[in-house]
1. Which residue is nearest to Val114 (Cα to Cα), if the candidates are limited to segment 125-142 and must be surrounded by fewer than 19 Cβ atoms within 10 Å (Cβ to Cβ) and aliphatic (A, V, I, L, M)?
2. Right, Leu145: open to solvent by 40 Å² or more (accessible area, probe 1.4 Å) and either part of a helix (DSSP H, G or I) or at pLDDT below 95 (or both) or not?
3. Search segment 163-221 for residues being assigned to a loop (DSSP other than H, G, I, E, B) and polar (S, T, N, Q), and hand back the single one that is nearest to the chain's Cα centre (by Cα).
4. From the list Thr134, Thr112, pick out the single residue that is β-branched (Val, Ile, Thr) and under 25 Å from Met152 (Cβ atoms).
5. Could you please tell me which pairs satisfy a Cβ distance under 9 Å, a separation of 6+ or placement on different chains, a first residue in segment 120-142 that is at negative phi and of a type in the set (Phe, Trp, Tyr), and a second residue that is open to solvent by 80 Å² or more (accessible area, probe 1.4 Å) and in a helix (DSSP H, G or I)?
6. Please state which one of Trp86, Trp45 is within 19 Å of Leu204 (Cβ to Cβ), modelled with pLDDT under 90 and of a type in the set (Phe, Trp, Tyr).
Amino acid sequence: MRHTADCIHRSAPMTVLLWGVLPYLAFVLLVAGLVWRYRYDKFGWTTRSSQLYESKLLNIASPAFHYGILFVLVGHVVGLFVPMSWTDGPGITEHTYHLFSLYGGTAAGVLTVVGILLLVYRRRTKAPVFRATTANDKLMCLVLLASIVLGMVAKLAHASGDGYNYRESIAPWSRSLFTLQPDTGLMEGVPLLYRIHAAVGMVLIAMVPYTRLVHMFSAPVQYLFRPYVVYRTRDSRQLGPRPEQRGWERAGF
């Protein structure tokens, strides 16, 4: 506790505000927003799907965005919350980890950005979809895109050699937040691009409950385990109960 207090005391006020206060503020806004939306806006807890207006481009853009952002989130969880000792044990060198993070993270980021740009293009070129777009949607998209792009730029700007080892600074700082003893001093020597990326990321976390991104907390995970649903067409000539027939018959597609 004394070590943490000394680190906070030696840190500049802005450093304490950004890395010792802002994370908890973002978390409070996240939790409070989720509780509020669940209690008072259950019917608004949705992505407000616009598939009815246009589906061809959506069928490309939506999977690209969702798979890309999923890989990005997994990469952040591994990079921030898996200690170096856990990867050093199996013999994964820092250079190997750096290359995997660089190429894998860049690929996931590119996939996410392509998905976002396609979704933006769709909203701008399809009049019904554009009319259904709110100012909240535009702000959310801007912050999300900025967060992803800043992360990619920060990684690529420090890609030479073994790159910047954020697992010795940003990762321990992230884990220190969960012990309620934020070691803000660890962030003082972090490259500027990484610090901007982290700050924008915390703003994005705080915004989640107040945007359509809230649907990530109600993802239909049970769909992965439910039985297949077989859809059949209805014979328009059939008015009453359908008589049973033996054997196989055409489904009428």
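The values are calculated or read from the model by the stated rules, or taken from the named source; none is laboratory data. Since this is a predicted model, take the numbers as computed values, not measurements. A quick note on method: Cβ atoms are made from the backbone with ideal geometry, for glycine too, and the neighbour counts reach across all protein chains shown. Keep in mind that these areas ignore ligands, DNA and RNA; they rest on the heavy atoms of the full protein, side chains included. Shrake-Rupley method; radii C 1.70, N 1.55, O 1.52, S 1.80 Å.
1. So, considering only residues that are surrounded by fewer than 19 Cβ atoms within 10 Å (Cβ to Cβ) and aliphatic (A, V, I, L, M), the one nearest to Val114 (Cα to Cα) is Leu142.
2. Yes: the conditions hold for Leu145.
3. Filtering segment 163-221 for residues that are assigned to a loop (DSSP other than H, G, I, E, B) and polar (S, T, N, Q), the one nearest to the chain's Cα centre (by Cα) comes out as Thr211.
4. Thr112
5. Close Cβ pairs (under 9 Å, with a partner that is open to solvent by 80 Å² or more (accessible area, probe 1.4 Å) and in a helix (DSSP H, G or I)) amount to Phe130/Arg124.
6. After ruling out the rest, the residue left standing is Trp45.
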